[in-house]
Structures are given as C-alpha cells and as structure tokens.
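**Student:** My questions all concern the structure below.
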Amino acid sequence: MWKRLSMLWLLIKGDARRLWFALRHPLAPTWLKLGTVGVVFYLLSPIDIVPDWIPLLGVVDDVVVVSAVIRMMLNRLPAAVRADVDRRASRS
C-alpha cells in the first residue's frame with residue numbers, strides 16, 4: 001500500500017500541492033473538501049476499478065483516476081481561488 005501511495009505521489013505531486021493550497025484557502029467551496037475526502041477514501045479502499053494484484057495495471061488505474069479527479073476539481077475552482085492557488089503554488 002505504501003509503495004502505491006508513494007508512486008502516486010511522485011506522479012501527481014504538483015496537482016496535490018495546488019489542491020492542498022486550495023483546501024486551505026478561506027474561500028474554498030465545500031464540494032472541494034468533500035471531493036478530496038472521496039479521493040482519499042478511494043485510495044484507501046480495497047475496492048478498485050482494476051484489482052491491485054494485476055501487475056502494473058492495478059497501480060495505473062489509481063494514478064489515472066486520482067489525477068483526473070484532482071485535475072477536474074482544480075479546474076472547477078472559482079477564478080479568484082484558482083488564481084490565488086496558482087500564485088501560491090508557483091511561489092513555493
């Protein structure tokens with residue numbers, strides 16, 4: 001499980017940082033927080049689209065699903081929040 005999470009982190013760390021900044025923003029919408037909880041539950045859940053015991057494909061589906069959902073949530077942010085998050089992420 002840790003190997004899966006560390007591989008996922010390497011692939012989506014830029015979007016994950018932007019998501020972290022967005023979650024801490026005072027104007028962050030409630031749906032963003034609920035969506036993030038859903039992503040965490042999906043990662044920790046033993047139920048997957050493709051089972052993890054299938055070599056490589058078990059991890060690839062997690063990477064694709066999680067990165068797509070995070071990117072979608074970040075793209076749906078209000079413009080003011082998105083601009084502030086992008087500014088903070090590029091600065092640090």
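**Student:** Give me the number: length gained by fully extending Lys33 to Ala68, i.e. 0.36 nm times residue separation minus the C-alpha to C-alpha distance, one decimal in nm.
**Tutor:** Gain in length upon complete extension: 11.0 nm.
**Student:** A further question on this structure: Can you list which of the chymotrypsin sites (Phe, Trp or Tyr not before Pro) found in segment 24-92 are DSSP loop residues with at most 13 other C-beta atoms within 10 Å?
**Tutor:** The qualifying sites are Trp53.
**Student:** Between Ile54 and Lys3, what is the FRET efficiency for a Förster distance of 22 Å, r being their Cβ-Cβ separation, to the nearest 0.05?
**Tutor:** Step by step, r from the Cβ atoms, then E = 0.90.
**Student:** Something else now. Show me the ranking of peptides 70-78, 43-51, 83-91 by mean Cβ neighbours inside 10 Å, starting with the highest.
**Tutor:** Answer by packing, highest mean first, reads 70-78, 83-91, 43-51.
**Student:** Hydropathy first: keep DSSP H helices in the chain averaging at least 1.6 on Kyte-Doolittle, then drop any whose Cα extent along the axis falls short of 20 Å, and list what survives.
**Tutor:** Helices meeting the criterion: 57-75.
**Student:** What does the convex hull of the alpha-carbon atoms of segment 10-51 project to on average, in nm²?
**Tutor:** 3.6
**Student:** If you wrap the chain's Cα atoms in a convex hull and average its projection over all directions, what's the area in nm²?
**Tutor:** Over all viewing directions, the chain projects a mean Cα-hull area of 5.9 nm².
Values quoted throughout were computed directly from the atomic coordinates according to the rules given, and no laboratory measurement underlies them. Because the structure is a prediction, the values reported are computed rather than measured. As a convention, Cβ positions derive from the backbone with ideal geometry for all residues, glycine included, and neighbour counts pool all protein chains shown.
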